[in-house]
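Student: Okay, handing you the structure first.
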Amino acid sequence: MTVSVRRAVAADAGELARLRHLSLTCPAMPWTEPRAVPDGPWVKECEETITALLRDQDTATAFVVDAGPGRMAACAMGLLLPRLPGPDSGKPFNGDISTVATDPEFRGRGYARATVTALMDWMTVSGCKRISLASSPEGEPLYTSLGFTYDDPRMSWRAR
């Protein structure tokens, strides 16, 4: 079965924000406590940010599978992050897959694989040599099958 994937447009931002909210409620996410993520101003801010990013699709995009008019079954969103050349690459960008989400009603149909593959293809054509993401345990088998490995000793800091 072939999955129909399309590139998102700014008008899709509301559904993309909804799917992002769903992805953050996953109790297996390693960077969050197992809890429901509340609605709030951040959801509207997320929608506005996605709208702005998708108006200029040179550095950010999303690929989606539609569930019907005005509703999405799945998405993969990502950013091209400028980088300085180094010994491993003179390519101008690293890719960051920031959200992969499938509405629970549509899981197990290959939609995440289809959207992530489309996003990876776009990033590669755009000049990425390295693509990174944060995975839930649930998503790890998919990403491993696509060639992702744990090889980055990066650390992070969060403002309190």
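Student: Does the chain come out rounded, prolate or oblate, given a ≥ b ≥ c as the square roots of the eigenvalues of its C-alpha gyration tensor, rounded meaning a/c under 1.5 and, failing that, prolate meaning a/b above b/c? The partial results should precede the final answer.
Tutor: On the way: a/c = 1.33, a/b = 1.22, b/c = 1.09.
Since a/c stays below 1.5, the shape of the chain is classed as rounded.
Student: Which length gain, in nm to one decimal place, applies between residue 117 and residue 134 when the Cα-Cα distance is subtracted from 0.36 nm times their residue separation?
Tutor: Gain on extension, residue 117 to residue 134, equals 4.5 nm.
Student: Place a +1 charge on the Cβ of each Lys and Arg in the chain and a -1 charge on the Cβ of each Asp and Glu, then give the dipole magnitude about the Cα centre in debye, rounded to the nearest 20.
Tutor: Details: 18 positive and 19 negative charges, 34 e Å.
The dipole of the chain has a size of about 160 debye.
Student: Counting helices only, and only those DSSP H runs with n ≥ 4, report the 222 nm mean residue ellipticity of the chain as the sum of -39,500 (n - 2.57) divided by its residues, in deg cm²/dmol to the nearest 500.
Tutor: Details: 4 runs with 48 residues, N = 160.
That calculation yields -9500 deg cm²/dmol at 222 nm.
Student: Moving to a separate point now. Rolling a 1.4 angstrom probe over the protein heavy atoms, how many square angstrom per residue are accessible across the chain?
Tutor: Working: 9760 Å² over 160 residues.
Averaged over the residues of the chain, the accessible area is 61 Å².
Student: Let me ask you something else. Amide H neighbours of residue 98 under 5 Å, counting only residues 5+ apart in sequence or on other chains, H built in-plane at 1.01 Å?
Tutor: Hits under the 5 Å cutoff: 77, 78, 79.
Student: If you rank 98, 136 by how much accessible surface each has, with a 1.4 Å probe, what is the order from largest down? Walk me through the numbers on the way to the answer.
Tutor: On the way: 98 55, 136 15 Å².
In descending accessible area the options line up as 98, 136.
Student: Calculate one ³J(HN,Hα) per residue across the stretch 73-85 by plugging θ = phi - 60° into the Karplus curve 6.51 cos²θ - 1.76 cosθ + 1.60, and present them in order as whole Hz with x for glycine and proline.
Tutor: For the stretch 73-85, the Karplus-derived couplings read 8, 7, 8, 9, 10, x, 10, 9, 9, x, 9, 7, x Hz, x marking Gly and Pro.
Student: Roughly speaking, what is the stretch gain from residue 149 to residue 59, that is 0.36 nm per residue apart minus the C-alpha to C-alpha distance, in nm to one decimal? Present the calculation step by step, with values, prior to reporting the outcome.
Tutor: Details: separation 90, 0.36 × 90 = 32.40 nm, distance 2.39 nm.
Fully extending the segment from residue 149 to residue 59 adds 30.0 nm.
Student: So the label point goes 7 Å from the Cα of residue 3 along Cα→C-beta, right? Which residues of the stretch 46-78 then have their backbone N under 17 Å from it?
Tutor: Label zone hits: 62-68, 71-78.
Student: Going by average Cβ neighbours within 10 Å, how do the peptides 103-116, 40-53 rank, with the highest at the top?
Tutor: 103-116, 40-53
Student: Please compute the contact order of the stretch 8-160 in relative form: average sequence separation of alpha-carbon pairs under 8 Å and at least six residues apart, divided by the residue count, as a percent.
Tutor: Values: 221 pairs, mean separation 32.7, N = 153.
Contact order relative to length: 21 percent.
The values are calculated or read from the model by the stated rules, or taken from the named source; none is laboratory data. Predicted model, so just to flag it, every value in this text is computed and none were measured. Methodologically, a virtual Cβ is constructed for each residue, glycine included, from the backbone with ideal geometry; neighbour enumeration extends over all protein chains shown. SASA here: full protein model, heavy atoms, side chains in, ligands and nucleic acids out. Shrake-Rupley method; radii C 1.70, N 1.55, O 1.52, S 1.80 Å.
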